[in-house]
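Any read-out appearing in this document is the output of simple, stated calculations on the displayed coordinates, not a laboratory observation. Bear in mind that the values here come from a model prediction, so they are computed numbers and not experimental data. A quick note on method: Cβ atoms are made from the backbone with ideal geometry, for glycine too, and the neighbour counts reach across all protein chains shown.
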Amino acid sequence: MDFSDRIQDLAKRIPRQLESVSTEEATKHAFVLPFISALGYDVFDPSEVTPELIADVGIKKGEKVDYAILREGKPAMIFECKAHSTNLDTAHFSQLHRYFHVTDTRFAVLTNGVVYRFFTDLEQANKMDSKPFFEINLLDLKESSLDELKKFTKSQFDVTNILNTASELKYVRELKRHLADELQVPSDEFARLFISRLHEGVITAKVRAQYTPFITKAWNELLGEIFNDRLKHVIGQPNRSATTISDATSEEAAVLPDEEAGDQSDSGKDIETTADEIQGFMIIRAVAAAVVDVQRVVMRDVQSYCGVLLDDNNRKPLCRLYLSGKKWQVGLFHTEDRKEIRFPLNNLSDLYQHADKIRTTIERYDAKVESA
């Protein structure tokens, strides 16, 4: 099993184990140590991976980091771990900062076992940057992220090589974050940039208010079109659109619950697939990957919700995403009678709480096929 396979195998196990892993210590053993092992390091050899490495920092004695990967007897990478439920955006990791300052290590990692953030000292020598230069989310793996992560493996670890690309990774990451913010709520400067190309004259508050919704709509439609093109390529269904859904056949409509059958009557209406729906669909795919080929998991957007089907078959609904109103919900079909049961969503990450229900639905559909 090569490096990529080891990481993907770990990523598939995580959703199944999340509910039974509740503490920081459990997160370390269930997720972090297997991650370090997947990088090629021997977690049972203290000369290679040392838990709770201690350093004296100024007047503070006995400062610890959770794990240190050693090379030639010196820490090359240090880890501070949090419980998987911890939001890393608000997590405190002052020990990591202090330890980085008094050792020769060039790389520090903050993780909750799912997301790994890599830091170095690009801005000031021997002082850990406040923002990471690289981040990887095991529940949202990308090929480019795996390529970068591979540089930290035991066989390929090279400080100079990693640092040569660290600046680019950091600033591209920050730009992507700013672009995502502009996509959701365009800033005044961003809005003016585009309004000035459409509007002649002074850009007043009234003009900004008039044009800003158009900018947001254009962003979402463009992303939807790009996603749709890629989705068609992956699934191999050039006639199926993720943003404009045609009528279902009469046979399909006949087997749908009344609510969905009614939605099939939206003949000729354009269905706008939002960025939230796209992200939700990708989470469902990530959850389903543990038990099925993700190419079998297909989006079917209709007027009142965004549906996710197995095998693009209306008889095999996995879930329905209701994300258009103020109160988000997900409809699931995990019970024997296949009746939809709705659950509230505070945010899209809540979908992971229903991973077992989604997988149960998939397994039930496949079991019926095998017994037929």
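Pairs of C-alpha atoms in the stretch 1-98 farther apart than 20 Å represent 45 percent of all such pairs.
Mind scanning LYS217/LYS316; LYS28/LYS131; LYS28/LYS154 and naming the pairs with a C-alpha gap bigger than 25 Å? Table pairs above 25 Å Cα-Cα are LYS217/LYS316. Under 1.5 on a/c is rounded, so check that first for the stretch 135-218, then, if it is not, pick prolate when a/b is larger than b/c and oblate when it is not; a ≥ b ≥ c are the square roots of the alpha carbon gyration tensor eigenvalues. Prolate, since a/c reaches 1.5 and a/b exceeds b/c. Tell me whether the stretch 3-177 comes out rounded, prolate or oblate; compute the Cα gyration tensor, take square roots of the eigenvalues as a ≥ b ≥ c, and use a/c under 1.5 as the rounded threshold. Rounded is the answer for the stretch 3-177, as its axis ratio a/c remains below 1.5. Here ASP5, ASP356 are placed in order of increasing Cβ neighbour count within 10 Å, fewest first, which gives ASP5, ASP356.
Ranking of TYR211, TYR171 by neighbouring Cβ atoms within 10 Å, starting from the fewest: TYR171, TYR211. Remark: GLU200, GLU182 ranked as GLU200, GLU182, counting other beta-carbon atoms within 10 Å and listing the fewest first.
Given 20 °C and 1.002 mPa s, compute D for the stretch 88-167 with the Stokes-Einstein relation, Rh being the Kirkwood radius over Cα pairs; round to the nearest whole µm²/s. The Stokes-Einstein estimate is 161 µm²/s. Cross-link pairs exceeding 27 Å between alpha carbons, from the set LYS82/LYS326; LYS12/LYS151; LYS326/LYS357; LYS206/LYS327; LYS12/LYS74; LYS82/LYS170: LYS82/LYS326; LYS206/LYS327; LYS12/LYS74.
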